[in-house]
Amino acid sequence: MPKDALTPQPPRSLTRHPELLEAAVYEREIGAPIARVWENVFDWEHLPWLHDQAFESIELLEAGEWGWHGDVGFPGGASSEIELSVDHEASCYVARTRSGLGAPGEIWTYLKSSSEDTTSIRVEFWVPPLPEGTADEVLGKIGEAYLKLYAGLWDQDEEMMQQRIVASDRRVETGAADSGEIVSLGAVEALREKLPLVVDFAGHPFRLVDIEGELLAHATECPHWLGPLESCEVKRGEIICPWHGYRFDVATGGSTDERRLRLRRAPRVEVDPATGNVRLVSST
Ligand code: FES
Ligand SMILES: [Fe+2]
């Protein structure tokens, strides 16, 4: 379901289910401002892409200022209906498993700005009561598994937020491209050996690739959230952004998933038939 078509729903109550057991608490400092962390919380789309080791799919059912609600698939075939609700005043949110794997567990996350560039987080993992007779250490093991999982998820989120900040700053500094720029890249044989290769053109990074013998350049910054495209595998002339899975045609720069986005216009790659030298020329 497209994000824009979603109707905001009334806020959910943020009351914890009284029978849940606290399995673990995870605390850390995130190297990103709290506004970026909140942006990440609402970004349901990244789960099966950035965190593909933990999530296989997500189907959004509804979303609004209160949070979001969707069906999440996990590697191996299990699934859960998850509702993430935000208490803006208390600076916290809860991810509730409404049905499926882990129901009716709750994960409570508290955010606190610790500096202009950092945010403290506290994550509490509350799980359903264990069957009678279950050894105490089972709860500890579940807690350990959550701590390990969340350390990895937050590492990936932190890296994405930091890369997004760098990419946003670069965009502001660079401004409009110079349409007269020409960049020489030397002999075509030597260049082919270095492919794929990221080069700077008019202040922006582009990656040179060989598609069935043709040299092409494409922008390495995703037009959605500035995700990194420089390491994407090119398959049948298409690349897939690692942050949210948006797809682009390398030759045209246009969306191949009907999203109607477009990569930054890439320079033309020209090979001089007389000298065999390659140069990038502005295509505007
Ligand atoms: S940054 Fe979202 S799909 Fe690329
Ligand atoms: Fe995440």
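Do the conditions hold for residue 125, that is, is it of a type outside the set (A, V, I, L, M) and closer than 24 Å to residue 241 by Cβ? Steps first, answer last, please.
Values: of a type outside the set (A, V, I, L, M): yes; closer than 24 Å to residue 241 by Cβ: no.
No: the conditions fail for residue 125.
Residue check: is residue 119 exposed (fewer than 12 other Cβ atoms within 10 Å of the Cβ), among the hydroxyl-bearing types (Ser, Thr, Tyr) and closer than 24 Å to residue 23 by Cα? When the stated conditions are applied, residue 119 does not pass them.
Here residue 223 meets each of (1) out of contact with any Lys or Arg (no Cβ under 7 Å at 6 or more places or on another chain); (2) part of a loop (DSSP other than H, G, I, E, B) with one exception, condition (1).
The set of residues from the stretch 231-260 being within 13 Å of ligand 1 (Cβ to nearest atom), of a type in the set (D, E, K, R) and closer than 18 Å to residue 51 by Cα comprises just one member, 247.
Within the stretch 20-40, the only residue that satisfies the criterion of being under 17 Å from residue 66 (Cα atoms) and of a type in the set (Gly, Ala, Ser) is 35. Taking first residues from the stretch 157-171 that are more than 13 Å from ligand 1 (Cβ to nearest atom) and partners that are of a type in the set (Gly, Ala, Ser) and at pLDDT 95 or above, the Cβ contacts under 9 Å between residues at least 6 apart in sequence or on separate chains come to 157/32; 158/31; 158/32; 162/31; 162/32; 165/32.
Evaluating residue 38 against the criteria (1) modelled with pLDDT under 95; (2) away from ligand 1 (no atom under 16 Å from the Cβ); (3) of a type outside the set (Ser, Thr, Tyr) leaves one unmet condition, (1). So which pairs qualify, if the first residue must be in the stretch 181-203 and at negative phi, the second must be part of a loop (DSSP other than H, G, I, E, B) and not aliphatic (A, V, I, L, M), the Cβ gap must be under 7 Å, and the two must be at least 6 apart or on different chains? That search, which allows pairs on different chains as well, returns 181/282; 187/276; 188/276; 198/220; 198/230; 201/181; 201/267.
Pairs are defined by a Cβ separation below 6 Å, a sequence spacing of at least 6 or placement on different chains, a first member in the stretch 222-251 that is hydroxyl-bearing (Ser, Thr, Tyr), and a second member that is within 16 Å of ligand 2 (Cβ to nearest atom) and at pLDDT 95 or above; the pairs so defined are 246/224.
In the stretch 235-249, the qualifying residues are those that are part of a loop (DSSP other than H, G, I, E, B) and within 21 Å of residue 163 (Cβ to Cβ), and the one that is farthest from the chain's Cα centre (by Cα) is 246. In the stretch 204-213, the qualifying residues are those that are free of Cβ contacts under 8 Å to residues at least 24 places away in the same chain and part of a strand (DSSP E or B), and the one that is nearest to ligand 1 (Cβ to nearest atom) is 207.
Please verify whether the stretch 185-194 includes one or more residues that are away from ligand 1 (no atom under 16 Å from the Cβ) and part of a loop (DSSP other than H, G, I, E, B). Before the answer, list the steps.
Residues of the stretch 185-194 that are away from ligand 1 (no atom under 16 Å from the Cβ), as a first pass: 185-194.
Of the ones still in play, those that are also part of a loop (DSSP other than H, G, I, E, B) are none.
No, there is no match, as no residue in the stretch 185-194 is away from ligand 1 (no atom under 16 Å from the Cβ) and part of a loop (DSSP other than H, G, I, E, B).
Residue 72 meets the conditions (1) without any contact (Cβ under 8 Å) to a residue 40 or more places away in the chain; (2) within 23 Å of residue 29 (Cβ to Cβ); (3) crowded, with 20+ Cβ neighbours inside 10 Å in every case but one. The failed one is (2). Those strands (runs of 3 or more DSSP E) of the stretch 19-88 in which at least 1 residues are within 22 Å of residue 246 (Cβ to Cβ) and among the polar types (S, T, N, Q), considering only elements entirely within it, cover 57-64.
Looking at (1) within 28 Å of the chain's Cα centre (by Cα); (2) away from ligand 2 (no atom under 16 Å from the Cβ), which is the only condition residue 183 fails? Every listed condition holds for residue 183 apart from (1). Can you name the residue in the stretch 122-148 that is in a helix (DSSP H, G or I) and of a type outside the set (A, V, I, L, M, F, W, C) and is also surrounded by the most Cβ atoms within 10 Å (Cβ to Cβ) among such residues? Only one residue fits best here, namely 146.
The values are calculated or read from the model by the stated rules, or taken from the named source; none is laboratory data. Nothing here was measured: the structure is a model prediction, and the numbers come from that model. FYI the Cβ positions are ideal-geometry reconstructions off the backbone, even for glycines, and counts take in every protein chain you see.
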